[in-house]
Every structure is written in structure tokens, then in C-alpha cells.
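What follows is a single structure, written as C-alpha cells, with notes after it.
Values in this text are rule-based calculations from the coordinates and carry no lab data. Remember, predicted model here, so these are calculated numbers, not experimental data. Because the Cβ atoms are built from the backbone with ideal geometry, glycine has one as well, and the counts that use them run over all protein chains shown.
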Amino acid sequence: MGAGKTTVARALGLPHVETDDDVPIELFEDGEAAFRAREAEVLGDVLRRAEPVVVDLGGGAVTTPEVRSLLREHATVVWLDVDVEAAWQRVEGSGRPLARDYEEFKRLYEERRPTYAEVADVVARDGDDVALAAAGIHIEHGALQRLGELASGEGLVALVSDPHVAGIHGMDAQLALGSRLAETHELPPGEEAKTLAALERLWQDLHLDRGGTIVALGGGCTTDAAGFAAAAYLRGIAWTPVPTSLVAQVDAAIGGKTAIDLPQGKNLVGAFHWPRRTVIDPALLETLPEPQRLEGMAEVVKTGLLAGEPLWELPDGELVRRCAAFKAAICLRDPLERGERAILNLGHTFAHALEAAAEYEGVTHGRAVALGLLAALRLSGRDTHVVEELLRPQPVQVDRERAWEAMQRDKKVRGGRLRFVLLGADGPEHGVVVPEADVRWELDRLIE
Ligand SMILES: NC(=O)c1ccc[n+]([C@@H]2O[C@H](COP(=O)([O-])OP(=O)(O)OC[C@H]3O[C@@H](n4cnc5c(N)ncnc54)[C@H](O)[C@@H]3O)[C@@H](O)[C@H]2O)c1
Ligand SMILES: [Zn+2]
């Protein structure tokens, strides 16, 4: 009580049930047993529903053995751990039966902690931790060393990585997987991994049965390709991305999208295949070369602009946690990209046009996104200095007409109208139609 469960649960924006609503507090007057029995009954009904739901559980519920077994079977349990003074301040004077006397409140708080520790799958400090837990994302400095216990499931693992990352972190991953490790595979480096030829080879080499897990260790190319391999192999097996680049930790490995490329374009074949567990170890970023870091910073700046907070100022661990949680919460609300998830494309319509005009040679995605963010900010009437200072975007040398044509193709794909993500007074807006002349003007400014 007073941990802030209701606030956090509402902020997640997912279907949300407060068991208290259906358990009349008056029952308490008939004795706690009657109250707890009704509570367990209500929880059972809620947890057996097919749709995922956030349940805001009364603090005493876990004292009932039946509740504990329901939770073990049907839920991810997040313990929102706050100190007793903070909790008391929130409930003091509320008149709730267990919040009338500080000493009694504190006694109960201490008494229940061991039970909370026992039932919790995850201990959370704030709403971001809760979003990450709901998305199955585990972030921990040094997590790679605990991969054996953290990778989803308990069965055998096929470790898939890129040759470069395998050379740096592969041995640690193998040691950590221990007896779970059944096979190791390498995908070609970079975008080469995201080809049908590379996946055909991988599929032919895999020996896992349906109870196995693919662990994808590498940047976004590895996680995209191995994730799609997992989505289709034996009609779908579990997978755990272990993203090693900044791009992958804050973006590519979050949200369940997997894909490979076609000669006609990037990411044209793929699947939504949400990993059971994602394991993020920010310590792995220490070996990331500076240019790759800058690639990731473009997505970090994008995320900060969307969130309205300077997330780029945070130290690595916290930066990754906040960015990953921001994307995870949006993807949980809109897993199949039917609405809100589109805001994650801030700056990307311009970026894709520039990358296509360069035929994906010489213009990296991060550089193109940095330029795209400039255009999006200008169209939003916003200041651009954050992008300029952090990402130092340089205009690209591509053919202006080709870039414009690429944008028109994008328009065809998206139902005949170019729509943009802009930053409005109340936050990001997607599906905004901008006059073509303004779009063209901003696009031309990004080209040398
Ligand atoms: N699925 C999604 O939602 C999503 C979102 C964003 C991007 N992506 C995809 O991600 C891909 C780009 O990801 P990327 O930038 O990570 O590319 P990448 O996988 O090619 O990695 C970039 C380079 O960094 C190296 N590297 C990675 N981790 C390292 C580490 N810890 N130490 C040293 N070197 C390391 C890799 O070997 C590689 O050379 C693109 O194909 C893009 O389409 C997907
Ligand atoms: Zn991007």
C-alpha cells in the first residue's frame, strides 16, 4: 500500500484491473479470511483471461497461498519496492483500514517483505522497470555472465552471433550458457546476415527441437536475422536477443519486430515474434567502436525528443534502461504497429529517402536519422541545437530527385499520402500531413 502501484499501472496504458474494486472492503469487517478468499477468486478470474492485463494487486493478497500459486502459474510478478516512509506519506490520512497507525503500518511492511521477495519475478523501482518487466526485458550490468539462467526457458540453446562479436564476447556467452549450450552458429557480419541465403544455411544447420531457444548475440543485424530465424523455424521457437550494440540495446532488440532484406528494399520480409526474454548488458557497450556508438546515439536522441527528456545525458546503464523502457511501453500498447507505435518513426521518412537515394552505400542509418531529425524538428517549429551538438549531422551527397522519388515510393506504400511524425505542444503526433512544398524544401536542405 502506497508503493504507487495504481499510478504506475495507469501510466503503462495497458488494460488494467484493480482487484480491490471487486472486493468490497466491508468484507474485511467480517474477518480477513472472507476478504482474502474473495480476493483470490477475483484474481483467478482475471488471470485466466486470454488477453494480457496489468493487475494491481492489494498488498496483502500474496499472504494467501492460493494467490501465490495463481501468480506462479499465470503472471509475471513485479514488486514495486519503496521505502516505508515514502509509502506511509502516500497513505497517511487516507483512512484505509491498514493505514491508520504508522507503527502498525511499519510492522506489516517489515513482516511482508520476505513474502514479496519470494513471489516477485522482478523488483522494480519505477514505471520504466515495470514496463521492462512486462516486456520480458532484463537489464543488468554483467548480465552476460548470467546468461544460462536468464535466457528464456530451461531447455537447450543455440547461440547465434556475428563473427566479430563472437570473437569479443562469444566465449563469455558460451561459458555462461554452460550445459544449456547445444550448438553455436555464426551469421555473416552486418546486413549480409539479413539475407535468405544466410538464413537458409542457419535453418539447415540448426538441430534444436521445439523446446529449444535461439540466443542471438550481436548488433541489430544479428538480432533481426536470428529473430526471424526463430519465428519461422519449426513454425516458431523461443528466442532471447542479447543485443551488443547501442542501436540494438535501445531499439532493434525491443518490440518483437524481426526481418531480413530483399534486393528491393530493407526489412521487407519478417515477422512479429516477441522474445520470451531479452537480456541487455550495458557493459557490452564498452567494446563498441565510436562510429557504432554514434549510430545508436541517433536513436537515443530520437527517443529523448519523443519522451521530452534529455535521455542522452544519462550514463550508459540508465540511458539504455530509459530508452528501452520507452520503446517497450509503446510496443506493448501497440504490438502490431496499428497506431501509436508509428511515433518511433520520428525523422525516419526523411532518413529512408536519403538512404535509398544513396543506394544504402556511404550513408549510414544513424547519419540519415540525424538529418531526418533535423527536418522533423524544423517542420515542428522546434529548436535543432541538441541534434546539431550531439550528432553533428553532415548533409549528404545524393541526387535530390532520387531522394524525392524515394519519398514518393514510400508514400505509395503508405496509402497515397505522405504522413509525418511531428512534435506538437502536447507531445509527438503521428499521421501529420505536411504541404509537399515544405517537405521538399526540408529534404533539399539535407542534401549537399
Ligand atoms: N527490429 C527493429 O525494430 C529494428 C530497429 C532498429 C534497427 N534495426 C536493424 O538493426 C540493424 C542495425 O543494427 P546495428 O547498428 O547494431 O548493426 P550491426 O548488427 O551490423 O552491428 C554494427 C557493428 O558493430 C559491431 N558490434 C556490435 N556490438 C559490438 C560490441 N559490443 N563490441 C564491438 N563491436 C560490436 C558489429 O560486429 C558490427 O560490425 C539494421 O539492419 C536495422 O534494420 C531493427
Ligand atoms: Zn532507426
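Filter the stretch 343-378 down to the residues that are away from ligand 2 (no atom under 13 Å from the Cβ), crowded, with 20+ Cβ neighbours inside 10 Å and not in a loop (DSSP other than H, G, I, E, B) and list them by number.
Of everything in the stretch 343-378, those that are away from ligand 2 (no atom under 13 Å from the Cβ), crowded, with 20+ Cβ neighbours inside 10 Å and not in a loop (DSSP other than H, G, I, E, B) turn out to be ALA353, ALA356, ALA357, LEU374, ALA375, LEU377.
Residue by residue through the stretch 343-374, note down the ones that are farther than 19 Å from GLY296 by Cα and away from ligand 1 (no atom under 14 Å from the Cβ).
So the first thing to find is which residues in the stretch 343-374 are farther than 19 Å from GLY296 by Cα, and the list is 353, 356-359.
The answer is ALA353, ALA357, ALA358, GLU359.
Return the residue satisfying two criteria in turn: it lies in the stretch 213-253 and is assigned to a strand (DSSP E or B) and not hydrophobic (A, V, I, L, M, F, W, C), and of such residues it is farthest from ligand 1 (Cβ to nearest atom).
THR213
Considering only residues that are in a helix (DSSP H, G or I), away from ligand 1 (no atom under 14 Å from the Cβ) and in contact with a Gly (Cβ under 7 Å, 6 or more places away or on another chain), look in the stretch 287-316 and name the one that is nearest to GLU388 (Cα to Cα).
TRP312
I'd like to check something: does the stretch 321-339 contain any residue that is closer than 13 Å to VAL369 by Cβ, within 10 Å of ligand 1 (Cβ to nearest atom), in contact (Cβ under 8 Å) with a residue 60 or more places away in the chain and under 14 Å from the mean Cα position of the chain (by Cα)? Spell out how you get there, then give the answer.
Restricting attention to the stretch 321-339, the residues satisfying the condition of being closer than 13 Å to VAL369 by Cβ are none.
No - not one qualifying residue is present in the stretch 321-339.
Which of the residues that make up the stretch 123-153 are at positive phi and either out of contact with any Lys or Arg (no Cβ under 9 Å at 6 or more places or on another chain) or assigned to a helix (DSSP H, G or I) (or both)?
Listed by number, the list holds a single entry, GLY142.
Okay, residues lined up against (1) surrounded by fewer than 15 Cβ atoms within 10 Å (Cβ to Cβ); (2) more than 16 Å from ligand 2 (Cβ to nearest atom); (3) closer than 22 Å to LYS257 by Cβ:
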site	(1), (2), (3)
ARG333	no, yes, yes
GLU337	no, no, yes
HIS385	yes, yes, no
GLU442	no, yes, no
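Taking THR223 as the residue in question, decide whether it is of a type in the set (S, T, N, Q), under 22 Å from the mean Cα position of the chain (by Cα), under 25 Å from GLU295 (Cβ atoms) and within 16 Å of ligand 2 (Cβ to nearest atom).
So THR223 fits the description; yes.
Give the residue that is nearest to LEU71 (Cα to Cα), with candidates limited to residues of the stretch 90-120 that are assigned to a loop (DSSP other than H, G, I, E, B) and in contact with a helix residue (DSSP H, G or I) (Cβ under 7 Å, 6 or more places away or on another chain).
From the stretch 90-120, those assigned to a loop (DSSP other than H, G, I, E, B) are 92-101, 120; that's our starting set.
Now narrow it down to the ones that are in contact with a helix residue (DSSP H, G or I) (Cβ under 7 Å, 6 or more places away or on another chain): 97-99.
Numbers: PRO97: 25, LEU98: 23, ALA99: 25 Å.
The extreme case among them is LEU98.
So, of the residues in the stretch 235-282 that are among the hydroxyl-bearing types (Ser, Thr, Tyr) and within 29 Å of LEU354 (Cβ to Cβ), which turns out to be nearest to ligand 2 (Cβ to nearest atom)?
For the stretch 235-282, the residue satisfying everything is SER245.
Give the stretch 19-57 a look and list any residue that's free of Cβ contacts under 8 Å to residues at least 24 places away in the same chain and either at positive phi or among the polar types (S, T, N, Q) (or both), or say none.
Result: GLY31, single match.
Output the number of residues of the stretch 117-128 satisfying the condition of being under 17 Å from GLY317 (Cβ atoms) and either of a type in the set (Val, Ile, Thr) or more than 11 Å from the chain's Cα centre (by Cα) (or both).
Final tally of qualifying residues: 5.
Go through the stretch 385-421 and count every residue that is within 17 Å of ASP444 (Cα to Cα), free of Cβ contacts under 8 Å to residues at least 60 places away in the same chain and part of a loop (DSSP other than H, G, I, E, B).
Counting residues in the stretch 385-421 that are within 17 Å of ASP444 (Cα to Cα), free of Cβ contacts under 8 Å to residues at least 60 places away in the same chain and part of a loop (DSSP other than H, G, I, E, B) gives 6.
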